[in-house]
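Only one structure is covered here, and it is reproduced in the block below.
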Amino acid sequence: MINRRKFIALSAFSSAAALFTKKLPATGNVNVFNKGPIVVSTWDTGIEANKGAWKILSEGGRALDAVEAGVMVTEASQNCCVGLGANPDRDGFVTLDACIMDEFFNCGSVAFLERIKHPVSVARRVMEKTPHVMLVGSGAQLFAVAEGFPLEEQKLSPEAQKAYDNWLKQSEYKPVINIERTGNHGPSAPSKLESGEWNHDTIGMVAMDGKGNLSGSCTTSGMGFKMRGRLGDSPIIGAGLFVDNEVGACTSTGQGEDVIRIAGSHTVVELMRQGLSPEAACKKAVQRIVKIKGEKAKEIQVAFLALNKKGEAGAFAINKGFSYAIKSGTMEKLVPANSLF
Ligand code: GLY
């Protein structure tokens, strides 16, 4: 699995970058004032995913290609709560959701998709090869197979198998997603697997290419041990992902029901349109959820991650523990986001 301690130590890789990095705040908004491409993605798994995206961005490629290639790294990794090795639903089946959106408001999405390794690529085919935005379930799978995607055998990762076996002992239906109990980002932070707290659900990625165009992607296995058929925010354009090439892009992670309730990613982009910085816009969306949930907000996690047209990135979460990975021509780092609690 990806080791948080390895990545937290990542540093800038040129002397100019080192100088620049010193000025960065320890948490929160990252003002990149970026002239070139940039990619940001959720959680520490985003570090590896960003490298996948960067291969395309650094060669002058399109943001759309970058955000697809980037999250494919995580979908293939078998060691995260994304992809075929991830937490199953309560009946033992891994069901995957993903979406993608480009700079022209083109978008595609798949949900409740089984036995396909790269749901994000199927979402892109939906966008490019059908007049529709969203395909679900067996229809999405039939479409994927017709497009040449192989049907894979479901193979839970050892961690997902262990977590599911543990869950089966009680079979209590109390799905919770992404609460990080330690909130500890330091080098001594236990890895999520060591501490038994690994429950990241999603990778969301937004990027700007060398031409200044934005795109985004989002892919997930959703809440562990969910009811069969349950969908969260991740495949829903406007909730788990939204891109407006004039303004910015946003993606989300955490308890999808509460992101859907406020059309979260769209809300953040609209707040940036009104002039808010990415972090301030994410914070306002988080506050909206907290106002709805009251005290119960302390029991859930939702985080938004946004990038604006100036190449400024920012994020905000309900609870401590959310971090995002950033990569540009001058920096590669994991940034702990600010939170309300
Ligand atoms: N954010 C992922 C989900 O709720 O399914």
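The values are calculated or read from the model by the stated rules, or taken from the named source; none is laboratory data. In this text the structure is predicted, and so the values were computed from the model without any measurement. Because the Cβ atoms are built from the backbone with ideal geometry, glycine has one as well, and the counts that use them run over all protein chains shown. Ligands, DNA and RNA are stripped out before the accessible areas are found, and what is left, the full protein with its side chains, is counted by its heavy atoms. Shrake-Rupley method; radii C 1.70, N 1.55, O 1.52, S 1.80 Å.
Summary of values
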quantity	calculated
Unmet criterion (only one of (1) open to solvent by 10 Å² or more (accessible area, probe 1.4 Å); (2) part of a helix (DSSP H, G or I)) for GLY275	(2)
Any hit, the stretch 140-158, residues being in contact (Cβ under 8 Å) with a residue 12 or more places away in the chain and touching a Phe, Trp or Tyr at 6+ places or on another chain (Cβ under 6 Å)	no
Residue tally, condition hydrophobic (A, V, I, L, M, F, W, C) and open to solvent by 20 Å² or more (accessible area, probe 1.4 Å), over the stretch 278-295	3
Out of ASP97, ASP89, sole residue that is surrounded by 19 or more Cβ atoms within 10 Å (Cβ to Cβ), within 16 Å of the ligand (Cβ to nearest atom), of a type in the set (Asp, Glu) and not in a strand (DSSP E or B)	ASP89
Residues located in the stretch 258-276, provided they are in contact with a Gly (Cβ under 6 Å, 6 or more places away or on another chain) and away from the ligand (no atom under 16 Å from the Cβ)	VAL269, MET272
Selection count where residues are β-branched (Val, Ile, Thr), closer than 20 Å to ALA63 by Cβ and assigned to a loop (DSSP other than H, G, I, E, B), scope the stretch 102-133	1
Yes/no for ILE289 being at pLDDT 95 or above, within 16 Å of the ligand (Cβ to nearest atom) and out of contact with any Ser or Thr (no Cβ under 8 Å at 6 or more places or on another chain)	yes
Residue count, the stretch 102-130 (criterion: within 16 Å of the ligand (Cβ to nearest atom) and either in contact with a helix residue (DSSP H, G or I) (Cβ under 8 Å, 6 or more places away or on another chain) or free of Cβ contacts under 8 Å to residues at least 60 places away in the same chain (or both))	8
Sole residue being among the β-branched types (Val, Ile, Thr) and surrounded by fewer than 24 Cβ atoms within 10 Å (Cβ to Cβ), chosen from THR267, THR253	THR267
Top-ranked residue of the stretch 243-257 - restricted to ones that are more than 10 Å from the ligand (Cβ to nearest atom) and not charged (D, E, K, R), ranked as farthest from GLY314 (Cα to Cα)	ASN245
Test: LYS298 is open to solvent by 10 Å² or more (accessible area, probe 1.4 Å), among the charged types (D, E, K, R), part of a loop (DSSP other than H, G, I, E, B) and more than 13 Å from the ligand (Cβ to nearest atom)	no
Residues that are closer than 17 Å to GLU152 by Cα and acidic (Asp, Glu), drawn from the stretch 69-90	GLU75
Members of the stretch 143-160 that are under 21 Å from LEU113 (Cβ atoms), part of a helix (DSSP H, G or I) and modelled with pLDDT under 90	ALA160
Candidate set: the stretch 199-218, residues that are surrounded by 24 or more Cβ atoms within 10 Å (Cβ to Cβ) and farther than 18 Å from ALA306 by Cβ; chosen: the one farthest from the ligand (Cβ to nearest atom)	HIS200
The stretch 222-242: number of residues that are more than 8 Å from the ligand (Cβ to nearest atom), at pLDDT below 95 and under 22 Å from CYS107 (Cα atoms)	0
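Quick grid of which residues meet (1) surrounded by fewer than 22 Cβ atoms within 10 Å (Cβ to Cβ); (2) over 30 Å from TYR173 (Cα atoms):
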position: TRP54; (1), (2): no, yes
position: GLY61; (1), (2): yes, yes
position: PHE93; (1), (2): yes, no
position: GLY108; (1), (2): no, yes
position: ARG125; (1), (2): yes, yes
